[in-house]
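The values are calculated or read from the model by the stated rules, or taken from the named source; none is laboratory data. Being a predicted model, the structure only gives us computed values, none of them experimental. All Cβ positions, even for glycine, are placed from backbone atoms using ideal geometry, and neighbour counts span all protein chains on display.
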Amino acid sequence: MSRLYIFGLGSPYGWDRIGWAVTDQLSNTFASKTDIVVDTLSNPISLFSHPITPDDEILFIDSMIGQAPAGTIQEFGPLTLPPASARLSTHGIDLRTTVALLTGMGLPDEHIHIIAIEAPADTEQAEYPRTTQDLTPSVTALAAAATDWVVGWRETSSGTPRNVRAGN
Amino acid sequence: MSDLRTGEIHVPILARVEGEGALDIRIRDGRIDELHLRIFEPPRLFEKLLEGRPVQDVIDSVARICGICPVAYQMSAVSAIESIFDFTPSPWVQAMRRAMYCGEWIQSHSLHVHLLAAPDFLGFNSAPEMAKQFPLEVRRGLRLQSIGNDIIRTFGGRSVHPVGVRPGGFFRAPDASAMAALRQKIQDSLDEARDLITWVATLPIPEDDQNFISVSLRQNGEYPIMGNRIVSDHGLDIAIEDYEQHFREFQVPYSTALHALLDERPYLVGPLARINNNYALLPLELREIIEATGIQFPSRNMFHSILARAIEIHFALTETLWLTEQYDPGATAYVEPKIKAGIGYGCTEAPRGILWHRYALDEQGHVLEARIVPPTSQNQARMEEDLKTSLTRFGLDNTDDALRLHGEMVVRNYDPCISCATHFLDFRAERQ
């Protein structure tokens, strides 16, 4: 059975928490779906602890900086993923390298998806979110977009019409 | 091209190493006239940042020096601090700290073997390229890496910059179910770790024997992770407190990281040095796996570092299993030490080699002075020595591109962590 893996990327800090907060919601939403695995990752390369096969699909949930106005939600694939605005340590393998590893191992480009929400570009100037509640609007918006995407994926993969929200 | 070649080769950015460095080589009349491993990442001034901080801030702050070896920084710091407090952690705490440290070796070594070093030996430009032909091997390596992360997370709350370590022990003990799940994962990975050693031993590793001094810790009859003596294969055997009497750190004008010499000679720290100095302390079963590869230790071939890392992954997995075999979740996670003023030393075996700390604390336990000597600084002089030997042996009449690639391969073989190495204080003074 092929699976959809949903990985929230991030950390316990600031806007970077959004990916984890969204996957917290999605893990509840899709708790009954045996073909959906939801996990939070502090480093994208940790996904290799899951037994992913080329038949599976992956959805990354993340926040990003520098592509659009704050709050904008965008979807990317391996070929449209923009270059990183900051150089990460080689010891902290970034999303782009992780995606390259996945495709190198045979996962088709079209099985890899990234949905991300734009955080304020200048985080030093922008109001720093003190609690997860401060991020609620962004988390709600990104969770809704991800949920819609998953519903679409389930309907496409099962051949059923797209008219209900999964898990509701 | 004649053997009396003259010219310059520049590698402006070293790829697949942590941090920012470059390599400049000047060849004159067929010989390397000048070779500089140039580190230009700005100094990070951590030692100065620690001054005035309480000890828990030290433990949590030094973890931020490195994203790949935060446990090593925490352990060197906490052991130095506890020595000032005349405090000896309980056997349970010592065992669990050693297990946590094993997690760091596993994740760091797995990353280096599969994503940074192996592509060199197999002729690939990158790990994703290598993954196309060796998907199972790369996946195996990344699974092992994730187990290392799991071990760190179990004790430290998270795998990157963990927060579980404190003077006297840990903030909390992992619960029994978390430990049982971790142990099962480790148990399930042992065959893969054995296969990894066999696979690495079959890589086309160049023959490049050299004379060098191996320096490591020695730890009471155990394979060293946190020891109290520094030894070499050339007769050195000193207490960690005497480090500064034998090792000299100094500035070179082209690098923001200090170099270090042992009795005025370059030396090697890291997994190959550890195995060279402590081979007999590896478990018998592991030594049998190694001997079946036909490769012998001690080894003078620097490129056997990749095999040393694979060996230490297996060791760290079995060691963690052994340390947690009789795991007691009800153990006292820490005892509050009594704060004292004084000077203390800590030295542990980071994935890349010995990591030496010295702290002076005041009566409130705040830092008066800190000194940190990371392994990459210690390996820099050895790397330059190795580059001169290895490139000359490789053949200076090779094309610039070939020499550049070989030079990068030599540097990457040390898994240098440049960001760790660039934290010293006396930048301007040393430049004068």
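Values computed for the structure shown
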item	result
Counted residues, the stretch B:110-145 - those being facing another protein chain (nearest Cβ under 10 Å), part of a helix (DSSP H, G or I) and either surrounded by fewer than 23 Cβ atoms within 10 Å (Cβ to Cβ) or touching a Cys at 6+ places or on another chain (Cβ under 7 Å) (or both)	10
Cβ-Cβ under 6 Å pairs, at least 6 apart or on other chains, the stretch B:139-168 side assigned by TED's automatic domain parsing to the domain that holds B:Val335, far side among the acidic types (Asp, Glu) and assigned to a loop (DSSP other than H, G, I, E, B)	B:Gly168/B:Glu336
Per-region count, the stretch B:155-180, residues within 14 Å of chain A (Cβ to nearest Cβ) and not small (Gly, Ala, Ser)	5
Unmet criterion (only one of (1) at pLDDT below 95; (2) closer than 30 Å to B:Glu336 by Cα) for B:Val165	(1)
Enumeration of residues in the stretch A:3-34 that are charged (D, E, K, R) and under 17 Å from A:Ile112 (Cβ atoms)	A:Arg3
Residues being surrounded by fewer than 16 Cβ atoms within 10 Å (Cβ to Cβ) and hydrophobic (A, V, I, L, M, F, W, C) - total across the stretch B:268-327	4
Criterion: more than 14 Å from chain A (Cβ to nearest Cβ) and farther than 20 Å from B:Val163 by Cβ - qualifying residue of B:Ile59, B:Ile39, B:Ile81	B:Ile39
Some residue of the stretch A:76-89 being modelled with pLDDT under 90 and under 21 Å from B:Asp150 (Cα atoms)	yes
So B:Ile59, is it closer than 16 Å to B:Ala341 by Cα, part of a helix (DSSP H, G or I) and not polar (S, T, N, Q)	no
